[in-house]
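Enquirer: First the structure, then my questions, so here it is.
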Amino acid sequence: MNLARFKFRSLFAVFFWLFNLSLLLIVTVYFVTPFGTAMIVDGLRGLVPLSLLVPVFGLVGVPTTSLLMGRWHQRQLKSQDLQSEEPEPVRSEPATTLTLFQIFFGLEAPLLMACTIRLFFLRDLTSVSALVFTSIALGTVVTGRWLSQRRSGSGWISLTGITLMLALSLYISAIALFYAPPIFLIAAVILYHSLYIVVALPILFPFIMLFTGLVIAPWGMVLLFFKTWRGLWRRAVRWSRRLSGGLLALWLVALLLLQQQPQAKAFALLTSPTQSESDHPALLQQSEVIRKGLLNAYLGAYRYPLLNNSDMFNLYSGLLGFSDAAAEVVQGAYNALLSPFAYRGSASDKAEAARLYAEFFDTPILRGEHQAIQKAVLSNFNRTQAKAGLLDIGAERVRLQRQEVTVTPQGDWAEVELHEVYANTTGEDTEILYYFSLPETATVTGLWLGETGDRKLYNPVVATRGAAQQVYNDQVQRRVDPALLEQVGPRNYRLRAFPIPPVGQDLLPEDGQDDRMHLWLTYRVIQQDGQWPLPSLSEQRNVFWDQGTERVINGEGQQESEAWLPASIPIADAGRSPKTVQVALPAGHIVAQPLQSADYQLPSSRRFAVILDTSYSMGEHRQAVAANVQWLEDNLLASNEADFYITSAGDIQARKVDSPDALKEAVFYGAMQTRQMLEQYLAAAGSADYDAILLLTDAGSYELTEDSTPLPLTAP
């Protein structure tokens, strides 16, 4: 070994140990302590994708393993030195060992760069990024296999793996070239002010070592993999060369094909309005393409780190003094090189994708693509930001501590009181939401929210929906305790309460209870089939219950349940016959007479308008639509007349059809609200007069409801 090579090995050994020790120090202090522990805890709860959890262990495990391998390398060198000092007849052939240069640039640097990029720059992986990271992992395994075999292997597996790693190293080095001029300029400025560096050297030294390692890593990888590839290529047989070359070509083809982004086609399909209903089936056949494209546009900021990127232009124009034209050329070349990780669109595509998704699929994208969006949001090393971005649907933040239902019978009707006590499990004020339904005979009579067990401290106020929402939002901004109950449909209600105070916050120190909030809801309801109906839950947000939730009905404890409430409560004297009720009014009185089964009769000699909602969500109820239409034919149309109208999404008007069979064969497409359906019906019906209107529709999506627009009552 010549003197120059010995000096290089000695200097690189010093760098190797200082770099890895500095990396472990920085990772432990600045990542593991504030972020890593939370990520591991969330990972055990299934809240962190595996592809994001692996780099967490990699940032600690890779340098630790490298240090152990370096220690083993030193022992091997000492063993070889001892063997070389033995007498010639006894000395054995020295074994070939891994060098620190090979350990660092062949194994550690690729894995560290992959872990760093995955953890801090990429969130929700695309097909391209998954292919690249999988290739780095497999290539590193092949490299380690080849190095561990003392470089004796020269088969097609080793040649293919090293060839792939050389290609990736060249790609990374090409990207690094764009950063080289700014880095050299910054380094020159720092050296110019070297006095300040000397003063801060003890603090900056670990960062200097880490920065140095990251800067030289791409070039060292290229050097190592090129020399290795050249040796393997020379020793490989012809068929091994052809096979490895063919596999690399297939890999490049796969990389090009996976770069195709679906949002452009989805926007093209939906931006031009449909001219007739005949266009709808063709679009519905492309629904999966549209779904993937709109979802990709909505998650562009999560899936692609380069969204509207202009970093190179700013660096070369602002820092290096390039002209705008020259900086544009540099930015264009940079964007072309990083096109696999760049979103082809603009930041405004997110809002447009959400709008088009709701119009096509008849549901908000946050609801329709809940799992995919949750996965993207959770793919963040900063767990605080990840949890802040969580969708509230299905989130478990506020625990239902106690639930008490009290029924006070008043003859054929009863006053029902629901009292719940909540405890926040997070460190932030949290809003809870219930979406539930009540029978047509139910009337809400009160709503209270307070930090004590006395509901009389706060009185409810009835207001129009818009005014009530405005008051609620104003109070939320003031961090006051409002609760809002809205009727969002004929039987549907939405209940919101804010704030449920953070865990550990003592609202009333004198009562000995902390972070609790009470809510009461009262309503009156008529008995049904010997039962008192309870609210039927459709959805809850942020609130959850578990085995420890205390449940009480009319003073008696209940067993644990996965449901929010039982469907109903049996009436103690259910066999009692209903009574006639007379209500006195200032201008007279009203008599409510109980009906018997024989009193229920279908109308006759009447004329009806039957309107079919053909929005996309109705497609899930196609069989129910056919069953309802058949019931109308069998029971109502025998002694009545009816005209049938089919509504249509978009700018297309409703049309009148001659046969009820046309309703069974309707195409369900797009989104419509009740107001739009009635407006279309009025335009199509013209001067036709009907005794009643029957609208066949589903629950729809209350998030898409336009609260401020009243329903049309007369023809325009």
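The values are calculated or read from the model by the stated rules, or taken from the named source; none is laboratory data. None of the values given here were measured: they were computed from a predicted structure. When we count neighbours, we look across all protein chains shown, and the Cβ atoms used for this are built from the backbone with ideal geometry, even at glycine. In case anyone asks, the SASA skips ligands and DNA or RNA and just uses the protein heavy atoms, side chains included. Shrake-Rupley method; radii C 1.70, N 1.55, O 1.52, S 1.80 Å.
Enquirer: Please state which one of 587, 567 is over 19 Å from residue 421 (Cα atoms) and either surrounded by 17 or more Cβ atoms within 10 Å (Cβ to Cβ) or at pLDDT below 90 (or both).
Expert: Of the residues listed, the single one that is over 19 Å from residue 421 (Cα atoms) and either surrounded by 17 or more Cβ atoms within 10 Å (Cβ to Cβ) or at pLDDT below 90 (or both) is 587.
Enquirer: What is the one condition in (1) farther than 25 Å from residue 115 by Cα; (2) in a helix (DSSP H, G or I) that residue 228 does not satisfy?
Expert: (1)
Residues checked against (1) aliphatic (A, V, I, L, M); (2) farther than 23 Å from residue 438 by Cα; (3) in contact with a Cys (Cβ under 9 Å, 6 or more places away or on another chain):
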site: 573; (1), (2), (3): no, no, no
site: 590; (1), (2), (3): yes, yes, no
site: 599; (1), (2), (3): no, yes, no
site: 604; (1), (2), (3): no, yes, no
site: 607; (1), (2), (3): no, yes, no
site: 610; (1), (2), (3): yes, yes, no
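Enquirer: Confirm whether residue 486 is open to solvent by 20 Å² or more (accessible area, probe 1.4 Å) and either in contact with a Phe, Trp or Tyr (Cβ under 7 Å, 6 or more places away or on another chain) or modelled with pLDDT under 90 (or both).
Expert: no
Enquirer: Can you pull out the residues in region 539-584 that are β-branched (Val, Ile, Thr) and within 20 Å of residue 412 (Cβ to Cβ)?
Expert: 569, 571, 580, 581, 583
Enquirer: Residue 168 - would you say it is in contact (Cβ under 8 Å) with a residue 24 or more places away in the chain, under 32 Å from the mean Cα position of the chain (by Cα) and under 19 Å from residue 250 (Cα atoms)?
Expert: In short, yes.
Enquirer: Among the residues of region 277-324, what is the count of those that are farther than 30 Å from residue 652 by Cβ and without any contact (Cβ under 8 Å) to a residue 24 or more places away in the chain?
Expert: So the answer is 10.
Enquirer: Right, here's the next one. Within the set of pairs 6 or more residues apart or between chains, which connect a residue that is over 19 Å from residue 297 (Cα atoms) inside region 325-351 to a residue that is surrounded by fewer than 19 Cβ atoms within 10 Å (Cβ to Cβ) and polar (S, T, N, Q) with Cβ atoms less than 9 Å apart?
Expert: Short answer, once both residue conditions are applied: 327/314; 331/309; 331/310; 331/314; 334/309.
Enquirer: Let me ask another. Looking at (1) at pLDDT below 90; (2) among the aliphatic types (A, V, I, L, M); (3) not in a loop (DSSP other than H, G, I, E, B), which is the one condition that is false for residue 103?
Expert: (1)
Enquirer: Counting residues that are aliphatic (A, V, I, L, M), at pLDDT 90 or above and open to solvent by 20 Å² or more (accessible area, probe 1.4 Å), which strands (runs of 3 or more DSSP E) fully inside region 628-696 reach at least 2?
Expert: Because the criterion is at least 2 residues that are aliphatic (A, V, I, L, M), at pLDDT 90 or above and open to solvent by 20 Å² or more (accessible area, probe 1.4 Å), the strands (runs of 3 or more DSSP E) in region 628-696 that meet it are 692-696.
Enquirer: I'd like to know if region 505-527 contains one or more residues that are open to solvent by 20 Å² or more (accessible area, probe 1.4 Å), modelled with pLDDT of 85 or more and among the polar types (S, T, N, Q).
Expert: Yes - at least one qualifying residue is present in region 505-527.
Every residue, every condition in (1) at pLDDT 90 or above; (2) assigned to a helix (DSSP H, G or I); (3) more than 30 Å from residue 185 (Cα to Cα); (4) small (Gly, Ala, Ser), yes or no:
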{"position": "318", "(1), (2), (3), (4)": "no, yes, no, yes"}
{"position": "321", "(1), (2), (3), (4)": "no, no, no, yes"}
{"position": "340", "(1), (2), (3), (4)": "no, yes, no, no"}
{"position": "347", "(1), (2), (3), (4)": "no, no, yes, yes"}
{"position": "354", "(1), (2), (3), (4)": "yes, yes, yes, yes"}
{"position": "366", "(1), (2), (3), (4)": "no, yes, yes, no"}
{"position": "373", "(1), (2), (3), (4)": "no, yes, yes, no"}
{"position": "376", "(1), (2), (3), (4)": "no, yes, yes, yes"}
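Enquirer: Can you name every residue in region 323-338 that is assigned to a helix (DSSP H, G or I) and open to solvent by 20 Å² or more (accessible area, probe 1.4 Å)?
Expert: Across region 323-338, the qualifying residues are 324, 325, 326, 328, 329, 330, 332, 333, 335, 336, 337.
Enquirer: Determine which single condition residue 702 fails, assuming it passes every other condition in (1) modelled with pLDDT under 90; (2) open to solvent by 30 Å² or more (accessible area, probe 1.4 Å).
Expert: Checking residue 702 against (1) modelled with pLDDT under 90; (2) open to solvent by 30 Å² or more (accessible area, probe 1.4 Å), the one that fails is (2).
Enquirer: Looking at region 643-653, is at least one residue in contact (Cβ under 8 Å) with a residue 24 or more places away in the chain, aliphatic (A, V, I, L, M) and under 19 Å from residue 603 (Cβ atoms)?
Expert: Checking region 643-653: not a single residue is in contact (Cβ under 8 Å) with a residue 24 or more places away in the chain, aliphatic (A, V, I, L, M) and under 19 Å from residue 603 (Cβ atoms).
Enquirer: Moving on to the next point. Which one is surrounded by the fewest Cβ atoms within 10 Å (Cβ to Cβ), of the residues in region 213-257 that are within 20 Å of residue 145 (Cβ to Cβ) and basic (Lys, Arg)?
Expert: Result: 234.
Enquirer: Quick check on this structure: which one of 35, 6 is loosely packed, with under 14 Cβ neighbours inside 10 Å and either outside any helix (DSSP H, G or I) or modelled with pLDDT under 85 (or both)?
Expert: Just a single option satisfies the conditions, and that option is 6.
Enquirer: Could I ask something else about it? Filter region 119-137 down to the residues that are at pLDDT below 85 and not in a loop (DSSP other than H, G, I, E, B) and list them by number.
Expert: Of everything in region 119-137, those that are at pLDDT below 85 and not in a loop (DSSP other than H, G, I, E, B) turn out to be 119, 120.
Enquirer: Just to be sure, is residue 270 free of Cβ contacts under 8 Å to residues at least 12 places away in the same chain and either closer than 26 Å to residue 335 by Cβ or touching a helix residue (DSSP H, G or I) at 6+ places or on another chain (Cβ under 9 Å) (or both)?
Expert: Spelling it out, it is not the case that residue 270 is free of Cβ contacts under 8 Å to residues at least 12 places away in the same chain and either closer than 26 Å to residue 335 by Cβ or touching a helix residue (DSSP H, G or I) at 6+ places or on another chain (Cβ under 9 Å) (or both).
Enquirer: Would it be correct to say that residue 134 is buried (at least 16 other Cβ atoms within 10 Å of the Cβ) and either polar (S, T, N, Q) or without any contact (Cβ under 8 Å) to a residue 12 or more places away in the chain (or both)?
Expert: no
Enquirer: Still on this model: Residue 221 versus (1) more than 34 Å from the chain's Cα centre (by Cα); (2) modelled with pLDDT of 85 or more; (3) closer than 30 Å to residue 288 by Cα: which is the lone unmet condition?
Expert: Residue 221 satisfies every listed condition except (3).
Enquirer: Can you tell which of 272, 276 is of a type outside the set (A, V, I, L, M, F, W, C) and open to solvent by 60 Å² or more (accessible area, probe 1.4 Å)?
Expert: Exactly one of 272, 276 is of a type outside the set (A, V, I, L, M, F, W, C) and open to solvent by 60 Å² or more (accessible area, probe 1.4 Å), namely 272.
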